[in-house]
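In what follows, a structure is listed as structure tokens, so that the remarks can point back to it.
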Amino acid sequence: MIKENLEAVNKRIADAAARVGRTDKITLVAVTKNHPVEMMEEAAKCGVTDVGENRVQEALQKLEAFPDNHLTWHLIGHLQTNKAKHAVEHFDLIHSIDSEHLLKAVDKEAGKIGKVQDILLQVNVAREESKFGMEVEDFPAMCELAKGMEHVRVLGLMCIAPNYDNVEDVRPVFRIAHALYEDMKPKFPEGQIRYLSMGMTHDFEIAIEEGANVVRVGTAIFGPRNY
Ligand SMILES: *Cc1c(COP(=O)(O)O)cnc(C)c1O
């Protein structure tokens, strides 16, 4: 099923881009969390290049089982400071930097292994109480702080939209996220800010219409997760 599902998702991505006249590259991050490593291997065979995991521990197990994977690994779930070490060792892009504390921990751990860690800043655009992500008000200061760090490189912004009954209600959230993303560009070296990560199974088409160039899709590719 993965092959067919991927084809369908890729078509929906292309259709959403076409609706708004976009021709730029849109990266599909296949979210493999809570699915066995075999599904990740299958997805890789079907052309998936980017995978998303929520938990460092689960990702480590998969990396062990599938070492020569040639995949780009995205950490999309909340990261605890005490897991920053393993996160910088294994992930290409960390989407979920949402506090000063965590930013500093990632910079420090990356420094220890001589890495410059690519990151996104996660912003709680919809101001949901139950969600991770920094406050919109803290975002400019976090950009400034990150800019001065030697071992992190900010490549853009990530947000998770609320799960509204009417999916169209997410559109203004994505629109604000896109505006914040555009605001970032002049603050950093030219060309550095390049990823706007937003959109999941239920809302990725709207996210693309509103400017996302990284979408994180699990269920539509792999089916429901077993917890
Ligand atoms: C689980 C998860 C996704 C994928 O969700 P689906 O609805 O299965 O597509 C995307 N982003 C984040 C941050 C997630 O935790």
Candidate lysines for bridging to residue 85, where Cα separation is under 24 Å - those fewer than 8 sequence places away on the same chain excluded:
33, 62, 104, 108, 112, 115, 131, 147
Mind checking which of 68, 138, 203 has the largest fluctuation in a GNM of the chain, springs on alpha carbons under 10 Å?
68
Note, ³J(HN,Hα) from phi for segment 35-41, Karplus 6.51, -1.76, 1.60, rounded to Hz, x at Gly and Pro:
10, x, 4, 4, 6, 5, 4
Surrounding net charge for residue 16, when Lys and Arg each add one and Asp and Glu each subtract one, Cβ distance under 12 Å:
-1
For the chain, calculated [θ]222 nm from helices alone, where every DSSP H run of n ≥ 4 adds -39500 (n - 2.57):
-11500 deg cm²/dmol
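In whole percent, and with a 1.4 Å probe on the protein chains, what portion of the accessible area of segment 2-221 is carbon and sulfur?
Whole-percent figure for carbon plus sulfur exposure: 50.
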List the relative contact order of the chain as a percent without decimals, with contacts defined as Cα pairs under 8 Å and 6+ residues apart.
22 percent
Which shape class, rounded, prolate or oblate, goes with segment 2-221 when its Cα gyration tensor gives a ≥ b ≥ c as root eigenvalues, a/c under 1.5 marks rounded, and past that a/b bigger than b/c marks prolate?
oblate
Using a 1.4 angstrom probe, figure out how much accessible area the chain has per residue, in square angstrom, rounded to the nearest whole.
48 Å²
Max mean-square fluctuation residue, GNM over the chain, Cα-Cα springs under 10 Å, options 100, 190, 109:
190
Taking the Cα centre of segment 2-221 as origin, sum charge times position over the Cβ atoms of Lys and Arg (+1) and Asp and Glu (-1), and report the length of that vector in debye to the nearest 20.
400 debye
Specify the residue with the greatest mean-square fluctuation among 161, 30, 65, computed from a Gaussian network of the chain linking alpha-carbon atoms under 10 Å apart.
65
Check: segment 137-227 dipole with +1 on Lys, Arg Cβ and -1 on Asp, Glu Cβ, in debye:
380 debye
J(HN,Hα) series, segment 207-215, from Karplus relation 6.51 cos²θ - 1.76 cosθ + 1.60, nearest Hz, glycine and proline x
4, 5, 4, 9, x, 4, 10, 9, 10
Using alpha carbon centroids, what distance separates segment 167-227 and segment 124-139, in Å?
15 Å
Total charge of the residues flanking residue 114 in space, meaning their Cβ is under 12 Å from its Cβ, with Lys and Arg +1 and Asp and Glu -1, is -1
Enumerate the amide H contacts of residue 50 below 5 Å, restricted to partners 5 or more residues apart or on another chain; note that Pro and chain-start residues carry no placed amide H.
30, 72
Estimated vicinal HN-Hα couplings, Hz - segment 112-126 in sequence order (Karplus 6.51, -1.76, 1.60; Gly, Pro = x):
4, 10, x, 10, 9, 7, 6, 9, 10, 9, 8, 10, 7, 4, 7
What is the local net charge at residue 42, summed over the other residues whose Cβ is closer than 14 Å to its Cβ (Lys, Arg +1; Asp, Glu -1)?
-1
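The values are calculated or read from the model by the stated rules, or taken from the named source; none is laboratory data. Everything numeric in this text was worked out from a predicted model, so none of it was measured. A quick note on method: Cβ atoms are made from the backbone with ideal geometry, for glycine too, and the neighbour counts reach across all protein chains shown. Quick note on the areas: whole protein, heavy atoms, side chains included, nothing else; ligands and nucleic acids left out. Shrake-Rupley method; radii C 1.70, N 1.55, O 1.52, S 1.80 Å.
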